[in-house]
Amino acid sequence: MELDGAKVLVCGASGALGGALATALHEAGARVVPAGRDAAALQELSGTLGTTALDFDVVDVGSCRTVVDGAVEQLGGLDALVVTVGVAGFGRAVELDDAVAEELFAVNALGPMALVRAAAPHLEGGVAVVVSAVLADLPTAQMADYSAAKSALATWLGVVRREERRRMRVLDVRPPHLDTGLETRALAGEPPRLPQGAPSSDVVTRVVEAMREEAKEIVTDARTGELLTR
Ligand SMILES: NC(=O)c1ccc[n+]([C@@H]2O[C@H](COP(=O)([O-])OP(=O)(O)OC[C@H]3O[C@@H](n4cnc5c(N)ncnc54)[C@H](OP(=O)(O)O)[C@@H]3O)[C@@H](O)[C@H]2O)c1
């Protein structure tokens, strides 16, 4: 797709990956509306992007619809939805608090799915870019619910890609552990020993390229840890 002039909504722009992606897309010429919860982070970003930031809570399905409608109104349409919301939770699967388990599925699966549903009618010829995680392919101990939610999201995106192939493209991004500090903002528990986080700037570059190139997935090679676009 042509990014110059593209109308883009980034949900999760208050976060590390989402903020960097919003900025990179702006630099590529796109008109980018940032959305999230952290008002201070969004305000700073909207100064750079020259658009009005939108506040939303991804666990509230009504709020997912409202944020999409707000972006469509502000931009006069939508060419790309980018979803980078996510939260981790750690601990043994059978010991996880029920409320934490629910929130992990709401933020990492049900909310992103609601955003894609809300945006789909506007994305004729456009793209839905959703960040799941390598955990969708490699579920990991101490992260059962986070892994399962990402896996559910990736499975759902695969079906949407087929069902909506004549309407829009779906780009599922499944990066490895990154250097963004996500694990320090977990809903519960302490992270297990993790490898050094890969540079999130590499993911940003790949996503921008993949959006241009009509790619469908960015995955992590299980053997080498490299990002592969396909
Ligand atoms: N970092 C990693 O190691 C890694 C690896 C693979 C995949 N990922 C995925 O990459 C994406 C970006 O993560 P990141 O590393 O950039 O982490 P991050 O900086 O913590 O960003 C997470 C984003 O999710 C948003 N969010 C969380 N709960 C929300 C809610 N209820 N409503 C609205 N927004 C909510 C946060 O918004 P507020 O700050 O405004 O609350 C923030 O913008 C996530 O989907 C994550 O699962 C990360």
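Results, tabulated for the structure shown:
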{"quantity": "Condition broken by Thr52, with the remaining ones in (1) closer than 20 Å to Trp156 by Cβ; (2) open to solvent by 20 Å² or more (accessible area, probe 1.4 Å) satisfied", "calculated": "(1)"}
{"quantity": "Check on Arg185, under 19 Å from Thr84 (Cβ atoms), surrounded by fewer than 18 Cβ atoms within 10 Å (Cβ to Cβ) and at pLDDT 95 or above", "calculated": "yes"}
{"quantity": "All positions within region 90-105 that are open to solvent by 20 Å² or more (accessible area, probe 1.4 Å), in a helix (DSSP H, G or I) and not β-branched (Val, Ile, Thr)", "calculated": "Ala93, Glu95, Asp98, Ala99, Ala101, Glu102, Glu103, Phe105"}
{"quantity": "Ala22 being part of a helix (DSSP H, G or I) and within 21 Å of Ile218 (Cβ to Cβ)", "calculated": "yes"}
{"quantity": "Arg174, sole failed condition from (1) of a type in the set (Lys, Arg); (2) touching a residue at least 60 places away in the same chain (Cβ under 8 Å); (3) within 13 Å of the ligand (Cβ to nearest atom)", "calculated": "(2)"}
{"quantity": "Test: residue in region 189-203 that is among the β-branched types (Val, Ile, Thr) and open to solvent by 30 Å² or more (accessible area, probe 1.4 Å)", "calculated": "no"}
{"quantity": "Single unsatisfied condition, Val87 versus (1) assigned to a loop (DSSP other than H, G, I, E, B); (2) farther than 15 Å from Val130 by Cα; (3) touching a helix residue (DSSP H, G or I) at 6+ places or on another chain (Cβ under 6 Å)", "calculated": "(2)"}
{"quantity": "Scan of region 182-195 for residues that are away from the ligand (no atom under 14 Å from the Cβ) and outside any loop (DSSP other than H, G, I, E, B), ordered by number", "calculated": "none"}
{"quantity": "Every residue from region 133-150 that is within 12 Å of the ligand (Cβ to nearest atom) and either part of a helix (DSSP H, G or I) or more than 12 Å from Pro192 (Cβ to Cβ) (or both)", "calculated": "Ala133, Val134, Leu135, Ala136, Asp137, Leu138, Tyr146, Ser147, Ala149, Lys150"}
{"quantity": "Residue in region 66-76 that is within 16 Å of the chain's Cα centre (by Cα) and in contact (Cβ under 8 Å) with a residue 40 or more places away in the chain present", "calculated": "yes"}
{"quantity": "Among residues of region 155-181, those that are open to solvent by 20 Å² or more (accessible area, probe 1.4 Å) and either in a strand (DSSP E or B) or among the small types (Gly, Ala, Ser) (or both), counted", "calculated": "2"}
{"quantity": "Search result, residues across region 3-40 that are surrounded by fewer than 24 Cβ atoms within 10 Å (Cβ to Cβ) and either free of Cβ contacts under 8 Å to residues at least 12 places away in the same chain or of a type in the set (Ser, Thr, Tyr) (or both)", "calculated": "Thr23, Glu27, Ala40"}
{"quantity": "Complete set of residues in region 55-86 that are β-branched (Val, Ile, Thr), open to solvent by 10 Å² or more (accessible area, probe 1.4 Å) and more than 8 Å from the ligand (Cβ to nearest atom)", "calculated": "Val61, Thr66, Val72"}
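The values are calculated or read from the model by the stated rules, or taken from the named source; none is laboratory data. Just so we're clear, the structure is a prediction, and the values are computed from it rather than from any experiment. Don't worry about glycine lacking a Cβ; one is built from the backbone with ideal geometry, like all the others, and counts go over all protein chains shown. Ligands, DNA and RNA are excluded from the accessible area calculation, which covers all protein heavy atoms including side chains. Shrake-Rupley method; radii C 1.70, N 1.55, O 1.52, S 1.80 Å.
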